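Reviewing the structure listed below.
The values are calculated or read from the model by the stated rules, or taken from the named source; none is laboratory data. Computed from a prediction, not measured in an experiment: that's the story for all the values here. Glycine also receives a Cβ, built like all others from the backbone with ideal geometry; neighbour counts cover every protein chain displayed. In case anyone asks, the SASA skips ligands and DNA or RNA and just uses the protein heavy atoms, side chains included. Shrake-Rupley method; radii C 1.70, N 1.55, O 1.52, S 1.80 Å.
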Amino acid sequence: QRLELHNLELTQQQHETTKKYKLQQQEALAVEQKTLTAQNDILSKQLTQHADFQNAFVNTKQQFEKRRAYYQMLVQRGNWTQNELAELTRKLSVVHDNSPACPLCEQLLTAKRKQFLGQQLVNTETFLNHRLTRIGTLLKKLKDLLVVQHEQVQQQTKQAELFTQQNTLLEQIRLKLQDVTRTHDQISQEIANLQKQVIAFEITSTNKKQA
């Protein structure tokens, strides 16, 4: 009976030691759980603005691309206009000389017809100069806008990358939190079972001592 009691006390001590170790594990997991929960809450709060930011970011990029495409189109139109003006200058120089030939088709023209043609060329030159001036004004304003918006797009791109990193980190934290919570619950159950066994051993030991 003494040997049996000794074995019971030894087993009880082993259970107490295991229980103490499990309690330390439980405490450490509780601290980690609290830390992860706080990180999860902070990141979740920061990411509540992500949807609104993403919409604004997409709109800014689309507007920037449209303006850039329009800028390129204006550059091409400006180049075409300059080429047309250069050609008009050549034609006008022919109109103003003493040759009776048409500057366009080289056919012989009357002086009146040549004067009429010259006036048409002058009108066209005036129109093209006006257009070139308007294109130049638009290009300057648009370039200033593009410079400012390009900087904005770059800043928002960095912010988008940060949001992506935060999203990834949040997923990792949530997975870790799930794992820690699961382990914490498992250890809590093991501690409860050990406590039951310790109590059972105490009762058994008391009964045997009284027997």
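Kindly evaluate residue 206 against the criterion of being out of contact with any Lys or Arg (no Cβ under 6 Å at 6 or more places or on another chain), farther than 27 Å from residue 46 by Cβ and at pLDDT below 90. Talk me through it step by step, then tell me what you get.
Details: out of contact with any Lys or Arg (no Cβ under 6 Å at 6 or more places or on another chain): yes; farther than 27 Å from residue 46 by Cβ: yes; at pLDDT below 90: yes.
Answer is yes for this residue.
Of everything in the range 126-152, what is open to solvent by 90 Å² or more (accessible area, probe 1.4 Å), without any contact (Cβ under 8 Å) to a residue 60 or more places away in the chain and of a type in the set (Lys, Arg)? Give them in sequence order.
134, 140, 141
Could you check, for the range 108-118, whether at least one of its residues is surrounded by 12 or more Cβ atoms within 10 Å (Cβ to Cβ), outside any helix (DSSP H, G or I), of a type outside the set (Ser, Thr, Tyr) and without any contact (Cβ under 8 Å) to a residue 24 or more places away in the chain?
There is at least one residue in the range 108-118 that is surrounded by 12 or more Cβ atoms within 10 Å (Cβ to Cβ), outside any helix (DSSP H, G or I), of a type outside the set (Ser, Thr, Tyr) and without any contact (Cβ under 8 Å) to a residue 24 or more places away in the chain.
Could you go through the range 96-107 and let me know if any residue there is open to solvent by less than 40 Å² (accessible area, probe 1.4 Å), in a loop (DSSP other than H, G, I, E, B) and either modelled with pLDDT under 95 or touching a Pro at 6+ places or on another chain (Cβ under 6 Å) (or both).
Quick first cut of the range 96-107, residues open to solvent by less than 40 Å² (accessible area, probe 1.4 Å) only: 101-103.
Now restrict to residues that are in a loop (DSSP other than H, G, I, E, B): 102-103.
Pick out the ones that are also either modelled with pLDDT under 95 or touching a Pro at 6+ places or on another chain (Cβ under 6 Å) (or both) and you get 102-103.
Within the range 96-107, one or more residues are open to solvent by less than 40 Å² (accessible area, probe 1.4 Å), in a loop (DSSP other than H, G, I, E, B) and either modelled with pLDDT under 95 or touching a Pro at 6+ places or on another chain (Cβ under 6 Å) (or both).
Return only the number of the condition from (1) in contact with a helix residue (DSSP H, G or I) (Cβ under 8 Å, 6 or more places away or on another chain); (2) acidic (Asp, Glu); (3) farther than 30 Å from residue 126 by Cα that residue 52 does not satisfy.
Of the numbered conditions (1) in contact with a helix residue (DSSP H, G or I) (Cβ under 8 Å, 6 or more places away or on another chain); (2) acidic (Asp, Glu); (3) farther than 30 Å from residue 126 by Cα, the odd one out for residue 52 is (1).
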